[in-house]
1. Suppose we filter the stretch 79-100 for residues that are farther than 18 Å from residue 134 by Cβ and touching a His at 6+ places or on another chain (Cβ under 9 Å); how many remain?
2. Taking the residues in the stretch 134-145 that are at pLDDT 75 or above and under 24 Å from residue 79 (Cβ atoms) as candidates, determine which candidate is surrounded by the fewest Cβ atoms within 10 Å (Cβ to Cβ).
3. Could we say that residue 34 is surrounded by 14 or more Cβ atoms within 10 Å (Cβ to Cβ) and not charged (D, E, K, R) here?
4. Would you call residue 26 modelled with pLDDT under 95, under 24 Å from residue 143 (Cα atoms) and surrounded by 12 or more Cβ atoms within 10 Å (Cβ to Cβ)?
5. Residue check, residue 150 against (1) in contact with a strand residue (DSSP E or B) (Cβ under 9 Å, 6 or more places away or on another chain); (2) basic (Lys, Arg); (3) farther than 18 Å from residue 28 by Cα, all met but one. Which one?
6. Hey, can you tell me all the residues within the stretch 16-30 that are assigned to a strand (DSSP E or B) and farther than 20 Å from residue 115 by Cβ?
7. Looking only at the stretch 167-202, count every residue that is within 18 Å of residue 104 (Cβ to Cβ), under 20 Å from the mean Cα position of the chain (by Cα) and in a helix (DSSP H, G or I) and tell me the total.
Amino acid sequence: MDNDELLGSNAPPQGGSFRFYLDGQRWEWSDPVARMHGYHPGEITPTTELLLSHKHPDDQAQVAAVFDKMIHAGAPFSSKHRIIDTDGHIHHVIVVGDRMLDENDRVIGTSGYYIDVTETLETDLREFNVALTEAVAEVEKSRAVIEQAKGALMLVYGISSERAFGILTWRSQETNTKLHTFAERFVDALIAEAPLPASFRAWFDHLLLTAHKHQPGAQD
C-alpha cells in the first residue's frame, strides 16, 4: 500500500509522511520515508527501535528524547537531525510532528512529515526553516487560545485550570466543535460582547500596579 496518502496529496517535496499510534506503539511511513532510510516500499515495518538505529550516533540521544516526549506526553515536536540509510549514506532531515486526536479530542498518536534537505542550498534551508517556524507557531497559536479560554473561565468562576479545561472539553463535545475552534470562538465572542464596567477596570488597573507588593493569601 502506498502510504503517501497519509497526509493527503500535498506531501512536501523531497519528503514524506508518517503516523505513530499510541495504541500498540505502531508506526506507519510513506514510501518516500521508507526509501529515505534505504528500504523498498513495503519491505519492512517501521518500529521505534528501527528508526533510532538509523539515526546518526551524534544525534541519537537528541532524537530518543524527542521520541520519549512524543510517546509519553503526546507532545508536538520538530527536529533537525541526520539519518543513515542502509547503504551508509547520511541524510540531513527535518521532521515535524503534531498530535493526532480522536473525535473526543483525546490524543491517540502523532502524525507528521520528513523533509530531506541533504542536497538543498543554504537559501533553500532558510526557506525550510521559515516553513518549520510557521508550522510550530500554528501549533502554539492553537494552544494559546485554549489557555486564554481557560483563563477566562478560571477568573469568572474561580476554578482550577483542570476544571476549566474540563468545561471547555464538555462544551466542545456537546457542540461537536473542535476544541481549539470552540476556544477561539469563545475568546472572540468574549472580547466582542463582554464590555467591562469602569469599576472593574479600575480594580484591575490597581492590581496591575500593585501586584509586586502582593503577598499570597493576603487581602488587599
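1. Going through the stretch 79-100 one residue at a time, the tally reaches 10.
2. Ranking the candidates gives 143 first.
3. In short, yes.
4. Here the answer is no, as residue 26 does not meet what is asked.
5. Failed condition: (1).
6. Selection gives 21, 26.
7. Looking only at that region, the number is 8.
The values are calculated or read from the model by the stated rules, or taken from the named source; none is laboratory data. Source: prediction; values computed, not measured. Backbone-built Cβ (ideal geometry, glycine too); neighbour counts: all protein chains shown.
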